[in-house]
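**Student:** Attaching a single structure in structure tokens format; questions to follow.
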Amino acid sequence: MFQPFSRSWIQPIGCFLSRGAATSDELYPIILESIVLLENSGLKVNAVVSDAAQWNRGMWALFGITEEKVHCEHLFDVNRKLWFISDFPHLIKNLRNWMTKGRVFKVCIPNIFNLPNYSIPIHLDVHFFLCTYTVSISTMYFLISS
């Protein structure tokens, strides 16, 4: 699907049937061909957006994408970059699913207030509990020194 940044229209560009998920080796040439066809028709492709499923991350790796480098040289113009973006709603869905399993995660935050009783970094432990009698998720925050 092609969607311009500054317009409200969307254009499907292809549909592929597969049994199960397509592998990253199968996705790579499909994405390459899509970019070539769109650019040859006068449209500018600046980003490839997909969820972070294993086969899509594998396809990103074939383009040279890593956690530190989320773009590659554009196929048509060396002055442009081709960005790879994870679909935000899928990230929120994954976070929601992870939180409802009662998991705990730590976020390192800088000590910007220069608090004397805490060493740098301060960790924010966030505990999520799925309430069985309500529809909401309750959240508890605890500051601990590292």
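**Student:** Please list, ordered by first then second residue, the pairs with beta carbon atoms under 7 Å, 6 or more apart or interchain, first in region 23-47 and assigned by TED's automatic domain parsing to the domain that holds ASN79, second assigned to a helix (DSSP H, G or I) and of a type in the set (Asp, Glu).
**Tutor:** Between residues of region 23-47 that are assigned by TED's automatic domain parsing to the domain that holds ASN79 and residues that are assigned to a helix (DSSP H, G or I) and of a type in the set (Asp, Glu), the close pairs are VAL45/GLU39.
**Student:** Are any residues in region 33-48 assigned to a loop (DSSP other than H, G, I, E, B) and either over 19 Å from TRP60 (Cα atoms) or among the polar types (S, T, N, Q) (or both), and if so, which ones? Steps first, please.
**Tutor:** The initial filter retains those residues of region 33-48 that are assigned to a loop (DSSP other than H, G, I, E, B), namely 41-46.
Correct list: SER41, GLY42, LEU43, LYS44, ASN46.
**Student:** List the pairs whose first member sits in region 80-97 and is under 19 Å from TRP55 (Cα atoms), whose second member is hydroxyl-bearing (Ser, Thr, Tyr) and assigned to a strand (DSSP E or B), and whose Cβ atoms are under 9 Å apart, counting only residues at least 6 apart or on separate chains?
**Tutor:** PHE84/SER50; ILE85/SER50; SER86/SER50; ASP87/SER50; HIS90/SER50
**Student:** Going through region 49-74 one residue at a time, which ones are closer than 26 Å to SER18 by Cβ, assigned to a loop (DSSP other than H, G, I, E, B) and among the hydroxyl-bearing types (Ser, Thr, Tyr)?
**Tutor:** Correct list: empty.
**Student:** Can you find a residue that is modelled with pLDDT under 90 and either closer than 16 Å to ASP77 by Cα or of a type in the set (D, E, K, R) (or both) anywhere in region 6-16? Show your work before the answer.
**Tutor:** Initial filter on region 6-16 (modelled with pLDDT under 90): 6-16.
From the residues that got through so far, the ones that are either closer than 16 Å to ASP77 by Cα or of a type in the set (D, E, K, R) (or both) too are 7.
Yes; the residues of region 6-16 include at least one that is modelled with pLDDT under 90 and either closer than 16 Å to ASP77 by Cα or of a type in the set (D, E, K, R) (or both).
**Student:** Which ones in region 11-60 are within 29 Å of LEU95 (Cα to Cα), touching a Ser or Thr at 6+ places or on another chain (Cβ under 7 Å) and among the hydrophobic types (A, V, I, L, M, F, W, C)?
**Tutor:** Matches in region 11-60: ALA52, TRP55, MET59.
**Student:** Check off (1) at pLDDT 90 or above; (2) assigned to a loop (DSSP other than H, G, I, E, B); (3) hydrophobic (A, V, I, L, M, F, W, C) for ILE30 and give me the number that stays unchecked.
**Tutor:** (2)
The values are calculated or read from the model by the stated rules, or taken from the named source; none is laboratory data. Small disclaimer: the values here were computed from a predicted structure and weren't measured. With ideal geometry, Cβ positions are generated from the backbone for all residues, glycine too; neighbour counts draw on all protein chains shown.
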